[in-house]
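Enquirer: Would you mind keeping the following structure in view while I ask a few things?
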Amino acid sequence: MINFFTTVISILFWFVIILVPLVAVHELGHLLMSRLFGVKVPEYAIGLPLSKRTFYKRWNGIIWSFYWPLFGGFVRIYGDNDAIDEAWETAKVDPKKAKENYVPNRIQEILANRELNFFLEDNGLEYTKEWQQFDKSGYARGIEIADKTLDKQYKKTYEQLSTLIEWEYDKQLNSNETFFKKNWIQQSLIISGGVLFNMIAAVMLFWILFGGLGISNTLYPVDQFGDLTKNANITATSDFISGAIIKDTTASKAGLQNGDKIYKFAGKNATEIKSQQDFVDLVQANKDQTVEIQYKTSGSDELKTTSTTILKNDKGEYKFGIGNILKEISFKAKNPIAGINMAFNQTGLVVEQTFTVLGDIFKALLPNNDKTVLEYVGGPVAVGSISSKIFGAQGVQGILNIMAAISINLAVLNLLPIPALDGGRWVILTINKITKKRNLKVEAAIISVTFLMMIGLAIFIAFRDVQGVIGGRY
């Protein structure tokens, strides 16, 4: 029981250390891009608004908030799917109706976002006990008040609030601080600000890692050693090779698993294998032959020996089944400029790998396709568990590496054309610009439904991750 609670605390700790800052950077990208183009931001928040704000501070006109749970974050951009946005669209057809609808819609918005005190402050009024009672009563939300005295009081307060909102409407409808007043390029940059900042964060983390701390004892593809030596000094290499073991191949049938270290293969020491082609040539030289393999399993110092025969696979090819030959090395950039170059190269590599993995996941979701890749899909719980192990093995270097990779993953995922994500928001925006038509209700419904679906998927993945932690998979 003690070990279980220790594991839970460790997972939560690394979740906060790794994911929360990356989400904060993403949302900061939206905020800064909005302010760059003069768009007002009512709130910047970490967490999901499923409850009252755990902590908040209003500064420079922005409510800086924390909500529990800390899973996710958001930035409210003025004039983007809110009351003033709806009024702007309605006013194109019926200006009178737009103003009439704006007052109740704006009141609901103020109360739902728990910002009545800030609205009053902006209008030079104090958040008195009367206003606080009104705020908590639910009167403006359509909840009937039995007490006639209070009903009369709340009605008067509601009318006062309505007057203030009518004044606001006349001022804000044509304000240049609204999202809808910006051109397509500016709106696109605001929407993509989170992706941009996640990519910048990844480059900076890799730069600190490669150019400052250096990399110790990391697995690296041998075929990339040539490019690596242009920018970095390799200070140590291992006497073993490793690599991803492909399912249903000679390697997997011989009992090898991901993470195993091969010291000798078919009479050759691993130090003699200088490239992927060297290993391919060695396999071809021993086709239809029985070869001996000396290896160590992950986390063990015991040298084991196994034998297997290299035969043709179903496609008539002689292949062993190691996806990419890796060696454990230590290296550091030769200078800061070289470190920047390495950081950009590594960022590009991880972007490419992320798209490849996403492609494999989508293929696996299709009927009659191999589902193996889905077993490796994890969420925040998996990140917390794996990060704990990485820190134990590689220290701060390992954590910076995984933070950079996850920052890129967040950026790429947000590019997907799913309405609740930045990519989907951009697609909707672009379609609206091309067709010059917009249906706010349909737009809001699509975003809400996909958001709820993503929350459901996140809960499902979290449940699988918990099972994985309990079962020792993570």
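The values are calculated or read from the model by the stated rules, or taken from the named source; none is laboratory data. Remember, predicted model here, so these are calculated numbers, not experimental data. With ideal geometry, Cβ positions are generated from the backbone for all residues, glycine too; neighbour counts draw on all protein chains shown.
Enquirer: Only one of 49, 42 is more than 18 Å from residue 195 (Cα to Cα), within 22 Å of the chain's Cα centre (by Cα) and at pLDDT 80 or above; which?
Expert: Result: 49 is the single residue among 49, 42 that is more than 18 Å from residue 195 (Cα to Cα), within 22 Å of the chain's Cα centre (by Cα) and at pLDDT 80 or above.
Enquirer: Kindly indicate which of 247, 171 is in the same structural domain as residue 99 (by TED's automatic domain parsing), out of contact with any His (no Cβ under 7 Å at 6 or more places or on another chain) and surrounded by fewer than 16 Cβ atoms within 10 Å (Cβ to Cβ).
Expert: On the way: 247 fails: in the same structural domain as residue 99 (by TED's automatic domain parsing).
Matching residue, one of 247, 171: 171.
Enquirer: Which of the residues belonging to the range 22-80 are among the basic types (Lys, Arg) and either without any contact (Cβ under 8 Å) to a residue 12 or more places away in the chain or buried (at least 21 other Cβ atoms within 10 Å of the Cβ) (or both)?
Expert: Restricting attention to the range 22-80, the residues satisfying the condition of being among the basic types (Lys, Arg) are 35, 40, 52-53, 57-58, 76.
Matches in the range 22-80: 35, 57, 76.
Enquirer: Which of the following residues is farther than 30 Å from residue 392 by Cα and out of contact with any strand residue (DSSP E or B) (no Cβ under 7 Å at 6 or more places or on another chain): 206, 180?
Expert: Values: 206 fails: farther than 30 Å from residue 392 by Cα.
It is 180.
Enquirer: For the range 340-348, does any single residue satisfy the condition of being assigned by TED's automatic domain parsing to the domain that holds residue 406 and without any contact (Cβ under 8 Å) to a residue 12 or more places away in the chain?
Expert: First, the residues of the range 340-348 that are assigned by TED's automatic domain parsing to the domain that holds residue 406: 340-348.
Pick out the ones that are also without any contact (Cβ under 8 Å) to a residue 12 or more places away in the chain and you get 348.
Checked against the condition, which is being assigned by TED's automatic domain parsing to the domain that holds residue 406 and without any contact (Cβ under 8 Å) to a residue 12 or more places away in the chain, the range 340-348 yields at least one hit.
Enquirer: Name the single residue, out of those in the range 317-354 being in contact with a Ser or Thr (Cβ under 6 Å, 6 or more places away or on another chain) and within 19 Å of residue 255 (Cα to Cα), that is modelled with the lowest pLDDT.
Expert: Result: 321.
Enquirer: Of all residues in the range 233-254, count the ones that are touching a Ser or Thr at 6+ places or on another chain (Cβ under 6 Å) and of a type in the set (Gly, Ala, Ser).
Expert: 2
Enquirer: Whether any residue in the range 6-16 is in contact with a Pro (Cβ under 6 Å, 6 or more places away or on another chain) and either over 26 Å from residue 406 (Cα atoms) or not in a helix (DSSP H, G or I) (or both) is what I want to check. Steps first, answer last, please.
Expert: Kept after step one, since they are in contact with a Pro (Cβ under 6 Å, 6 or more places away or on another chain), are these residues of the range 6-16: 15.
Going one step further and asking which of them are either over 26 Å from residue 406 (Cα atoms) or not in a helix (DSSP H, G or I) (or both), we end up with none.
No, the conditions are met nowhere in the range 6-16.
Enquirer: I'd like to check something: does the range 304-316 contain any residue that is touching a strand residue (DSSP E or B) at 6+ places or on another chain (Cβ under 7 Å), of a type outside the set (Val, Ile, Thr), at pLDDT 90 or above and within 28 Å of residue 18 (Cα to Cα)? Before the answer, list the steps.
Expert: Restricting attention to the range 304-316, the residues satisfying the condition of being touching a strand residue (DSSP E or B) at 6+ places or on another chain (Cβ under 7 Å) are 304-310, 312.
With of a type outside the set (Val, Ile, Thr) added as a condition, the list becomes 304, 307, 312.
Filter again for at pLDDT 90 or above, leaving 304, 307.
Of the ones still in play, those that are also within 28 Å of residue 18 (Cα to Cα) are none.
The answer is no, given that none of the residues of the range 304-316 is touching a strand residue (DSSP E or B) at 6+ places or on another chain (Cβ under 7 Å), of a type outside the set (Val, Ile, Thr), at pLDDT 90 or above and within 28 Å of residue 18 (Cα to Cα).
Enquirer: Taking the range 346-366, which residues are of a type outside the set (Val, Ile, Thr), surrounded by fewer than 18 Cβ atoms within 10 Å (Cβ to Cβ) and assigned to a helix (DSSP H, G or I)?
Expert: Start the filter on the range 346-366 by keeping residues that are of a type outside the set (Val, Ile, Thr), which leaves 346, 348-349, 352-353, 355, 358-360, 362-366.
Checking the rest, the ones that are also surrounded by fewer than 18 Cβ atoms within 10 Å (Cβ to Cβ) come to 348-349, 352-353, 355, 358-360, 362-366.
Hits for the range 346-366 are 348, 349, 352, 353, 355, 358, 359, 360, 362, 363, 364, 365.
Enquirer: Right, something else. I'd like the full set of residues that are surrounded by fewer than 16 Cβ atoms within 10 Å (Cβ to Cβ) and more than 30 Å from residue 334 (Cβ to Cβ), limited to the range 181-220.
Expert: If the condition is that a residue be surrounded by fewer than 16 Cβ atoms within 10 Å (Cβ to Cβ) and more than 30 Å from residue 334 (Cβ to Cβ), then 183, 184, 185 are the ones that fit.
Enquirer: Pull out all pairs, ordered by first then second residue, where Cβ-Cβ is under 6 Å, the residues are six or more apart or on different chains, the first lies in the range 271-287 and is within 24 Å of residue 329 (Cα to Cα), and the second is part of a helix (DSSP H, G or I).
Expert: That search, which allows pairs on different chains as well, returns 273/279; 275/222; 275/223; 276/223.
Enquirer: In the range 100-147, how many residues are assigned to a loop (DSSP other than H, G, I, E, B), surrounded by 14 or more Cβ atoms within 10 Å (Cβ to Cβ) and among the β-branched types (Val, Ile, Thr)?
Expert: Qualifying residue count, the range 100-147: 1.
Enquirer: Of the conditions (1) farther than 30 Å from residue 337 by Cα; (2) at pLDDT 85 or above, residue 233 clears all except one; give me its number.
Expert: (1)
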